[in-house]
1. Please go through the range B:180-205 and pick out each residue that is buried (at least 16 other Cβ atoms within 10 Å of the Cβ), of a type in the set (A, V, I, L, M, F, W, C) and closer than 13 Å to B:L146 by Cα.
2. So, in the range A:15-59, of the ones that are over 16 Å from the mean Cα position of the chain (by Cα) and assigned to a loop (DSSP other than H, G, I, E, B), which residue ends up nearest to the other protein chains (Cβ to nearest Cβ)?
3. Of all residues in the range A:88-136, which are among the β-branched types (V, I, T) and modelled with pLDDT of 75 or more?
4. Read through the list (1) farther than 20 Å from A:G107 by Cβ; (2) surrounded by fewer than 14 Cβ atoms within 10 Å (Cβ to Cβ), then give the number of the only condition that A:K84 fails.
5. Run B:H242 past the list (1) at pLDDT 60 or above; (2) more than 29 Å from B:L142 (Cβ to Cβ); (3) not in a helix (DSSP H, G or I) and report the number of the one that doesn't hold.
6. Please go through (1) assigned to a helix (DSSP H, G or I); (2) of a type in the set (A, V, I, L, M); (3) surrounded by 23 or more Cβ atoms within 10 Å (Cβ to Cβ) for B:L138 and return the number of the only condition it doesn't satisfy.
7. Looking only at the range B:79-99, which residues are among the basic types (K, R) and either surrounded by 23 or more Cβ atoms within 10 Å (Cβ to Cβ) or more than 21 Å from B:D136 (Cα to Cα) (or both)?
8. Which condition from (1) among the small types (G, A, S); (2) in a loop (DSSP other than H, G, I, E, B); (3) more than 20 Å from the chain's Cα centre (by Cα) is the one that B:A91 breaks?
Amino acid sequence: MDCPVCKGPMVIVERSGIEVDYSPDCKGVWFDSGELELLLESMELDETGFTTDELMALDEARTNEKKRRCPICRTKMKKLIIGKTPEVLIDACHKGHGLWFDGGELGQVIRQLLDTEPASGGKQNRVISFLGEVFKASD
Amino acid sequence: MAMGGILVLIGYLIGVAFFSNAYAGLILALVIWFIMNLVAYFAGDSILLGISKAKKITHDDHPRLFNVVEEMKIASGLEYMPSVYIIDTPAMNAFATGRNPKNASVAITAGLLQKLNRDELQGVIAHEMAHIKNRDVLLMSLCSVLLGTIVILAWYASRIMIYGAILGGGRSRRSGGGGGQGQIIIFIVAIALMIIAPILAYLIYFAISRKREYLADASAAQYTRYPEGLASALEKLSQSTHKLETANNATASMFIINPLKRSERAAADLSSTHPPISERIRILRSMAGGASFYDYNTAYSAVHSGKSVMGAASLTGAAPVSIRGASAAAVAAEPEPTRIERARETSNVLWKYSKHKLVNCQCGTKLRVPPNYRHSNIKCPHCGRINTIPHS
Amino acid sequence: MAWYFYLIIVLAVVLVLFLLFTYNGLIRVRNQMKNAWAQIDVQLKRRHDLIPNLVETAKGYMTHERETFESITKARNLAQKAVGTGVGAQSKAEGELSSVLSKLLMVVENYPDLKANTNFLALQEELSSTENKIGFSRQFYNDSVMGYNNKIQMFPSNVIAGMFGFKTGEFFEIEVAAERAVPKVSF
């Protein structure tokens with residue numbers, strides 16, 4: 001799989017049995033929907049908050065950032081904001097293939113997470129803090 | 001099958017253009033159709049597995065899957081071990097292919113393999129093994145040849161009759177009289193034939209296909225002695241939201257569930273290669289008495305208000321066959337791997353075959369580097385250690 | 001020639017054909033039964049080969065199960081000796097082995113370190129699959145025996161079977177206590 005931002009090869013990072021695709025050049029992260037499902041199940045959470053329908057019902061985030069294409073189906077993804085303190089701007093595939101986190105955004109999240117209590121707040125925050133934990137030394 | 005129609009058109013045009021004769025075109029179309037089916041018959045498995053991005057696996061790649069296939073091979077009494085494939089897609093499905101038991105293969109998608117426990121996997125593999133044992137691949141390709149031929153012939157016959165009617169009509173107008181009515185009847189018959197014959201052929205094809213599915217379900221129950229395994233696997237399959245993208249009409253009948261249709265519609269019953277999943281589950285779950293064909297037939301009758309799926313010949317002389325307990329209660333109870341473990345087992349096979357290199361970082365993070373990664377080392381994103389990538 | 005001459009010829013031909021088909025049919029089911037039996041043998045041998053490895057791996061972790069290990073090794077050796085002594089004797093020895101093995105595998109739960117050993121897990125998968133294979137090959141063998149015995153005992157094939165001395169096949173039954181009743185685990 002190639003990175004949707006820098007087109008470089010993606011490396012697969014496995015932690016706690018969950019696989020996440022990671023672009024070593026631009027630090028971006030692709031979270032496949034199947035793996036997201038596994039993570040939520042292992043946290044004993046249901047999938048609400050992350051189903052394709054729910055994500056697509058969210059308002060398109062206003063941003064000047066370039067549209068990204070889903071690395072699986074190559075269609076343009078939707079810009080969304082998930083989580084509360086930290087808020088993260090992500091790209092979500094319309095067909096529900098997965099979520100994309102830009103390198104810079106994840107870096108911000110990690111810095112914010114260092115100040116706040118990890119795994120507090122909603123389901124989306126727990127997923128974000130899982131990624132923050134996996135990519136602790138990503139910058 | 002739509003290809004059959006296009007083929008006829010091409011054959012017809014070629015026939016008219018080069019031989020100025022529609023019959024030559026007919027023969028040409030039939031010959032091409034026949035050759036295509038021969039190719040599909042002899043190389044169909046490799047074509048199918050090729051377009052499905054299937055990876056052939058060995059025992060060590062995925063011991064559980066391989067063992068389950070071996071178990072079902074023994075239970076079905078097949079003489080040859082089929083090849084085992086994993087298809088790299090999150091969609092959930094499985095199929096069997098091969099023109100005879102000696103050259104057979106079973107394939108399962110990574111998505112399905114991850115979701116099923118051992119009993120469910122056994123049910124699915126038993127269903128596929130039954131397709132091999134019952135020679136359904138051969139039967140369905142024969143049916144498809146017949147269906148194609150009927151479509152081609154109906155198209156031609158109607159065309160000829162219409163031309164005949166038009167030409168005849170022209171003549172009868174000159175001579176005057178009541179001949180015109182006869183021409184109209186021929187015209188109507190021709191159009192009716194053109195429309196009805198292919199539809200009828202399709203319906204028969206689908207009916208046979210559905211019957212073979214029921215038979216394979218019955219055989220699976222008999223092989224595993226545990227209808228609940230297949231029933232619960234079908235339940236998981238019916239909840240799947242992913243669509244198998246590489247499936248097409250010609251290959252649909254060999255899958256465990258119809259890969260082309262996502263939702264179940266009872267109205268579409270007649271034009272489907274597979275019976276509705278909910279009904280298949282209901283039949284399997286009502287097999288309270290035992291796991292033989294007789295019990296399946298009884299359960300089928302209960303669900304279908306008295307109808308029967310199997311001929312009397314396959315039901316006589318059957319000894320009572322009892323249903324076993326779930327495998328957790330069996331002699332050598334094996335701890336069932338968790339879903340994450342199953343997912344990793346499956347993806348590990350796929351990474352291996354796509355030539356990803358494994359880097360085990362000291363912090364416990366596993367990195368899998370694709371073959372087109374150019375650098376000789378990689379920084380672990382979790383702990384920041386620089387790891388060297390091993391040479392092949 | 002008289003009409004009854006033709007009748008006799010026709011009857012003779014029918015009789016010969018009947019004999020031929022029935023005899024071949026009997027041979028076919030008997031071969032299927034023998035193949036099925038060979039299949040069981042392969043799986044039983046595989047189990048005999050796996051057990052020493054399993055015992056060796058588990059021994060280091062399961063320090064309190066010395067007696068169980070001894071009884072498994074003993075049962076395994078007896079079962080190996082019983083190979084080729086006939087269906088009945090072999091069924092009995094394999095049944096013993098199955099029941100002592102199930103005792104061991106039931107207490108594996110109490111040893112978390114052992115459950116984390118990948119080598120042991122692989123062996124356990126092989127052993128439990130072999131158990132399944134023994135079960136399925138037994139199932140297929142018994143189905144074959146049933147079909148064969150039906151042919152031998154039912155008219156008209158029983159006449160031919162009697163003439164050529166076909167003997168009924170013997171069912172393979174592994175008697176395992178755990179299979180019949182849900183085991184009681186006491187703490």
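The values are calculated or read from the model by the stated rules, or taken from the named source; none is laboratory data. Computed from a predicted structure; not experimentally measured. Don't worry about glycine lacking a Cβ; one is built from the backbone with ideal geometry, like all the others, and counts go over all protein chains shown.
1. B:A197, B:A201
2. Selected residue: A:G17.
3. Those that are among the β-branched types (V, I, T) and modelled with pLDDT of 75 or more: A:V88, A:I90, A:V127, A:I128, A:V134.
4. So A:K84 meets the others, but not (1).
5. Among (1) at pLDDT 60 or above; (2) more than 29 Å from B:L142 (Cβ to Cβ); (3) not in a helix (DSSP H, G or I), B:H242 violates only (1).
6. (3)
7. From the range B:79-99, those among the basic types (K, R) are B:99; that's our starting set.
Residues satisfying the conditions do not exist here.
8. Status for B:A91: all satisfied but (3).
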